[in-house]
Each structure stands twice: as structure tokens, then as C-alpha cells.
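Sending over a structure as C-alpha cells; questions will come in a sec.
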Amino acid sequence: MRVLRSIDELRSIRALSIANAQKVGFVPTMGALHLGHAELMKVASDQSDISIASIFINPKQFNSASDLAKYPRTVDDDLAICTACEVDYVYLPEISDVYPEGFDTSITPGSLGSLFEGASRPGHFSGMATVVVKLFNIVQPDIAFFGKKDYQQLAIIRRFVADLNLPIQIQGVETIREIDGLALSSRNAQLTKEERIEAPRFFEILKTFNRTFPNTDNLKDAIATALKHLQGLDHFQLDYFEIADQATLQPSRDISKPLVVLGAILGSQVRLIDNQELQ
Ligand code: PAF
């Protein structure tokens, strides 16, 4: 595994990969790596000739300076995980490489960006989309891997890749969970002891809803039951619980289309998001 710090180094690797007809796979991250990222990197290594991860804490996608300050910075551990996952390169840019002086452009997702997480975190998806487009242009991968845990992020990326004709295949990778079901997230470390104990209930409620879902006669009841359980959590407040079209994320009850149930709950310091593709 080699650490790359400059755009020129990435350009040389890309030129060589084209000359050798090698497929480049890319995993963008903000560090604080856990087993969910490890899975993305393993899938990327398996499916590409050259695998590249990036570690860049993108200030533009945080809603407040305090949220950005709280974000864990664990670069030495992160590089050890990248080595263990056998990625070929890690791009570790300086902030001034990504946002040089005078930088004044942003990518703003359309309707997909204002729903759910977009409503609670104004500007978040614009910051995310801007950095992902930049990283795509710097790395120029053939295929890029994103976790399905951030379902809305993945849907937005698929949308702008199609809308902007970016020649990159986007692959969603299944959520990796703790043994008790809690979806892995860099933010789980900010849960209090009590919140950590109750947090797996969130996934259980979504999973139970998914199990009940095929019985459409009971859809209303299933929604009411899930809402009652989510609203009854002791240490979290319900932010949203919605059934939506998997591609557009517009709320939907049309069971002839692929649907997903999405939810978010708020703890004292941290919000948890999770989802289940409905079967
Ligand atoms: O999912 C993340 O970690 C970030 O949103 C991403 C895609 C690396 C962009 O900063």
C-alpha cells in the first residue's frame, strides 16, 4: 500500500492503468475507518486491478464547526486498516489540494438532496456531492464503491453520475453491522452507554417492519406499529421513518416498485440512520 499526496501522482497511476487496460476501483472515505469501510475496500480490491481509497475529512459536508471538530481523526489506524485490506493506494490530500484558494464551485443535488437527511442537514449533500465529483475527477476510477447504510448519499451519487455523464460505475455495498444489529458508523463512538444499549432496537424495528411488509393488507398496521416502537425509544427521538422508492426516494406505497424503508433517530450527541430494502 502506498500513500499518495499529490494529484500528479494519481494522474500518473491513471495513465499507466489505461495503458495496461487495468480497471481502477475507488473507495472515498473520511477516515475513522471501521469494518464497514474494510468491506468496501475488500470488495474494491476483489473487483479491480488497482484499488484506491481516499481519506479526506470534507469540511463542506458538516453543518457546524462543532460537528466537524468532533469528527474522529485516526489517520495512523486508518492507514493500518487500508494496508490490512490490501488496497494498492491511499490518497491523503491536504485541504488546499481539494479546495485551493479561490475555489468557488459547488454541485447541488436536486429534489433527492432536500429530503430526509437533506432536510435535517442543510448543505450536507451539496458538500458531499462537490467533494465526490472532485475526487472522481482526480482519481478517474472505472468503478466506485459506497455503503448502502448511507442510502440517500448513494442514491444522490447514482443520480449525479447519470445526470453529469460521468463514466463511472457506482456499486452499493451491503451495510456491515455489529453482532447486535447496529449498523457500523464512525459516529457510534459518540453514543452514551445507555444509547449504545438501546441503539440496536432501531434496526430490529426496521427489520420487523420488513418482515411484515409483504402482507400488504397489514401495511397501515405495520407502519403504525413501527412508529409506535420508534416513538417509544427511551434514549432517542424519532426524526423520520418513511417508505420510499429506491431510486427517487420519493415517499411511496407502490409495492410493484422496489421500495426502501428509511429512518433516523436522534440521540444526545449523534443521529443514527438506517434502512432496509423492502422484500
Ligand atoms: O460517506 C462518506 O464517508 C463521505 O460522505 C464521502 C462519500 C467520503 C464524501 O466525503
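Binning at 10 Å from 0, report for segment 82-200 what percent of all alpha-carbon pair distances ends up in each bin.
11, 33, 38, 16, 2
Taking the inverse of the average 1/r across all pairs of different Cα atoms in segment 40-100, what Kirkwood radius in Å do you get?
For segment 40-100, inverting the mean 1/r across all distinct Cα pairs yields 13.1 Å.
Assuming a ≥ b ≥ c are the square roots of the Cα gyration tensor eigenvalues, decide whether segment 223-274 counts as rounded (a/c under 1.5), prolate (otherwise, with a/b larger than b/c) or oblate.
oblate
Let me ask something additional. Find the eigenvalues of the gyration tensor of the Cα atoms of segment 137-279, then list the square roots of 5 times those eigenvalues as equivalent ellipsoid semi-axes, largest first, in whole angstrom. Don't skip to the end; give the middle numbers.
Details: eigenvalues 150, 90, 27 Å².
So the three semi-axes of segment 137-279 are 27, 21, 12 Å.
Pop the C-beta distance of Asn165 and Asp76 into the FRET formula with R0 = 35 Å and round what comes out to the nearest 0.05.
0.35
How large, in percent, is the carbon and sulfur part of the accessible surface of segment 1-114 at a probe radius of 1.4 Å? Mind showing how you got there, number by number?
Numbers: 2960 of 5780 Å².
In segment 1-114, the share of accessible area belonging to carbon and sulfur is 51 percent.
Compactness ratio of segment 77-152: Cα Rg over 2.2 N^0.38 Å, N = residue count? Spell out each step's value before the answer.
Working: Rg = 14.8 Å, N = 76, 2.2 N^0.38 = 11.4 Å.
So segment 77-152 has a normalised radius of gyration of 1.30.
While we're looking at this one, here's another question. Number of Lys pairs in the chain with C-alpha atoms less than 16 angstrom apart, excluding same-chain neighbours closer than eight positions?
Pairs that pass both the separation and distance tests number 8.
Based on the Cβ-Cβ distance from Ser114 to Ala15, what FRET efficiency comes out when R0 is 45 Å, to the nearest 0.05?
Efficiency for this residue pair is about 0.70.
If you filter segment 53-150 for GluC sites (Glu not before Pro), then keep DSSP loop positions with at most 14 other Cβ within 10 Å, what is left?
Within segment 53-150, the qualifying GluC sites (Glu not before Pro) (loop, at most 14 other Cβ atoms within 10 Å) are Glu86, Glu94, Glu101.
Using a 1.4 Å probe, what is the accessible area per residue for the chain, in Å²?
Here the per-residue accessible area is 48 Å².
Still on this model: Can you tell me the Rg and the Dmax, both Å, for the Cα atoms in segment 11-164?
Considering segment 11-164 through its Cα atoms, Rg and Dmax are 15.4, 46 Å.
In addition: Antiparallel as a % of all DSSP beta bridges within the chain, to the nearest 5?
Values: 17 of 36 bridges.
Around 45 percent antiparallel, to the nearest 5.
Is there a quick way to get the dipole size of segment 21-179? I mean about its Cα centre, with the Cβ of Lys and Arg at +1 and of Asp and Glu at -1; what is the value in debye to the nearest 20?
520
When the C-alpha atoms of segment 1-83 are aligned to their principal axes, what extent does each axis show, in angstrom, from largest down?
Ordered largest first, segment 1-83 gives principal extents of 46, 27, 20 Å.
Give me the angle, in degrees from 0 to 90, between the Cα long axis of helix 151-163 and the longest principal axis of the Cα atoms of the chain, rounded to the nearest 10.
50
On a 0 to 90 degree scale, rounded to 10, what angle separates helix 200-212 from the longest Cα axis of the chain?
For 200-212 against the chain, the angle is about 70 degrees.
Oh, and also: Given the whole protein assembly as supplied and a 1.4 Å probe, what does the accessible area of His229 come to in Å², nearest 10?
80
Can you work out the base-10 log of I(q)/I(0) for the chain at q = 0.07, 0.09, 0.16 1/Å, using the Debye formula on its C-alpha atoms alone?
The Debye formula, applied to the Cα set alone, gives -0.26, -0.44, -1.34.
Kindly express, to the nearest 10 degrees and within the range 0 to 90, the angle between helix 219-231's C-alpha long axis and the longest C-alpha principal axis of the chain.
Approximately 80 degrees, to the nearest 10.
How much of the accessible area of segment 135-191, in percent, comes from carbon and sulfur atoms when a 1.4 Å probe is used?
About 47 percent, which is the carbon plus sulfur part of the accessible surface.
The values are calculated or read from the model by the stated rules, or taken from the named source; none is laboratory data. Owing to the predicted nature of the structure, the values given are computational and were not obtained by experimental measurement. Positions of Cβ are generated from backbone atoms using ideal geometry, with glycine treated the same way; all protein chains shown enter the neighbour counts. Please note that ligands, DNA and RNA were not included when accessible areas were found on the heavy atoms of the full protein model with its side chains. Shrake-Rupley method; radii C 1.70, N 1.55, O 1.52, S 1.80 Å.
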